[in-house]
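The values are calculated or read from the model by the stated rules, or taken from the named source; none is laboratory data. None of the values given here were measured: they were computed from a predicted structure. Neighbour counts are summed over all protein chains in view; Cβ atoms, including those assigned to glycine, are modelled from backbone coordinates with ideal geometry. Quick note on the areas: whole protein, heavy atoms, side chains included, nothing else; ligands and nucleic acids left out. Shrake-Rupley method; radii C 1.70, N 1.55, O 1.52, S 1.80 Å.
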Amino acid sequence: MQFGIFSVGDITMDPTTGRTPTEHERLKAITTIAKHAEDIGMDVFATGEHHNPPFYPSSPSTILAYIAAQTEKIILSTSTTLITTNDPVKIAEDFATLQHLADGRSDIVLGRGNMGAVYPWFGKNNQDSVELTVENYALLRRLWDEEVVNWEGKFRTPLRGFTSTPRPLDGVAPFVWHGAIRTPQVAEIAAYYGDGFFANNIFWPKEHYIQLINLYRERYAHYGHGTPEQAIVGLGGQFFIRKNSQDAVNEFRPYFDNAPVYGHGPSMEDFTSQTPLTVGSPAEMIEKTLAFRDYFGDYQRQLFLVDHAGLPLKTVLEQLDLFGSDVLPTLREEFAKNRPASVPEGPTFEARRAAAQAAAAVESSTASTPSASSTSGVK
């Protein structure tokens with residue numbers, strides 16, 4: 001089970017001081033946050049992709065490469081890479097480059113994003129979003145899996161004898177998650193390729209995501225990748241914790257009420273009762289997070305949003321410290337209990353490379369073994 005944090009990359013005024021950080025401050029702060037996540041023992045750091053104010057992460061691979069140079073263990077990922085509006089050739093190049101620089105500890109979450117306005121900025125039509133998702137990913141998969149690609153599709157110019165460089169590290173492409181909050185076609189794509197499915201369940205009630213995840217698991221098995229329980233699932237979450245529950249509620253309320261995504265909407269109490277957001281004590285967070293397994297089954301990756309809504313860097317780092325000391329050890333212990341041996345661990349480059357090498361060794365051994373018919377005359 002992998003635990004980590006993700007950032008949507010918002011630049012939001014702190015409602016308690018009236019101060020808004022600069023883009024420079026947020027970019028430098030997210031590096032500090034990622035390094036701190038590694039220091040407290042988290043497994044994953046992920047950043048979103050946006051191309052409009054009030055967000056800063058328009059170039060996630062650049063941010064992650066900078067963080068890679070300053071960390072040693074943590075897996076570096078996106079929480080959304082826009083498969084619809086990015087050129088698959090550029091995605092293949094950028095994230096293979098990141099993979100080399102990070103010595104394999106990188107993967108990618110592909111998604112359509114949540115802003116229709118981005119499509120014309122990159123010469124696309126948001127009415128084509130699902131078709132773009134299907135076609136662009138099919139090309140991206142080939143660019144990583146095949147040395148030389150000949151390809152023709154609907155939404156970009158053809159490729160003739162094209163080789164994407166650099167090639168994936170040791171021949172093992174970055175692990176791909178397909179992220180969705182509402183689209184069953186994305187779950188179908190993830191299942192078809194045997195990739196991971198990241199259900200970013202931070203906004204809607206659990207019943208909606210139970211349906212999406214169950215669909216993915218069923219189709220994963222349908223396509224012959226394993227049992228439904230062996231499908232690779234990731235979930236989102238959010239928290240604000242203090243030693244005392246009421247202190248957390250009082251401190252976070254102004255941030256919640258003014259958050260750019262859900263501020264001025266449901267009350268904090270309603271939102272926490274219907275979504276994974278925990279505002280309270282470490283014990284309350286542990287109880288709520290462990291319940292995710294009851295709803296969704298055993299899964300592989302749990303990411304939390306913690307740096308949003310104008311929270312100052314000092315507060316975010318305090319949150320991580322408290323999570324690392326009072327929450328993370330218990331979550332690791334409890335999620336490991338009664339976990340069937342058949343349920344896969346969270347994907348890592350080392351494990352996937354070892355599996356690929358073992359498969360290649362078996363294939364080589366089979367190919368070199370004489371068949372019964374060829375040895376029938378040998379004594």
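Laid out as a table, the results:
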{"item": "Most fluctuating residue given options N125, N52, N338, as computed from a GNM of the chain linking Cα atoms under 10 Å", "result": "N338"}
{"item": "Zero-based 10 Å bins, Cα pair distances in the stretch 132-224, whole percents", "result": "15, 38, 31, 14, 2"}
{"item": "Three semi-axes of the equivalent ellipsoid, the stretch 21-87, Cα gyration tensor, whole Å, largest first", "result": "21, 15, 9"}
{"item": "Cleavage-rule hits, trypsin sites (Lys or Arg not before Pro), the stretch 119-189, DSSP coil, Cβ neighbours within 10 Å at most 14", "result": "K154, R182"}
{"item": "Fraction of accessible area attributable to carbon and sulfur, the stretch 1-150 (%, probe 1.4 Å)", "result": "52 percent"}
{"item": "Signed unit charges on C-beta, dipole axis of the chain, positive-most listed residue T81, T133, A361", "result": "A361"}
{"item": "A351-E251 pseudo-label distance in nm [points 7 Å out on the Cα-to-Cβ vector]", "result": "3.4 nm"}
{"item": "Highest-MSF residue in the chain out of N126, N258, N250 [GNM, Cα springs under 10 Å]", "result": "N250"}
{"item": "DSSP bridge pairs, the chain: antiparallel proportion in percent, nearest 5", "result": "10 percent"}
{"item": "Exposure of M13 as accessible area (Å², to 10), given a probe of 1.4 Å and all protein chains", "result": "90 Å²"}
{"item": "Accessible surface, per residue, of the chain when the full set of protein chains is kept, probe 1.4 Å, Å²", "result": "44 Å²"}
{"item": "Alpha-carbon Rg with Dmax, taken over the stretch 222-379, Å", "result": "23.7, 86"}
{"item": "Tensor-based shape of the stretch 1-148 (alpha-carbon gyration tensor, a/c under 1.5 rounded, otherwise prolate or oblate)", "result": "oblate"}
{"item": "Three semi-axes of the equivalent ellipsoid, the chain, Cα gyration tensor, whole Å, largest first", "result": "37, 25, 20"}
{"item": "Distant-in-sequence amide H partners of G179 (H built 1.01 Å from N, under 5 Å)", "result": "L110, G111, F198"}
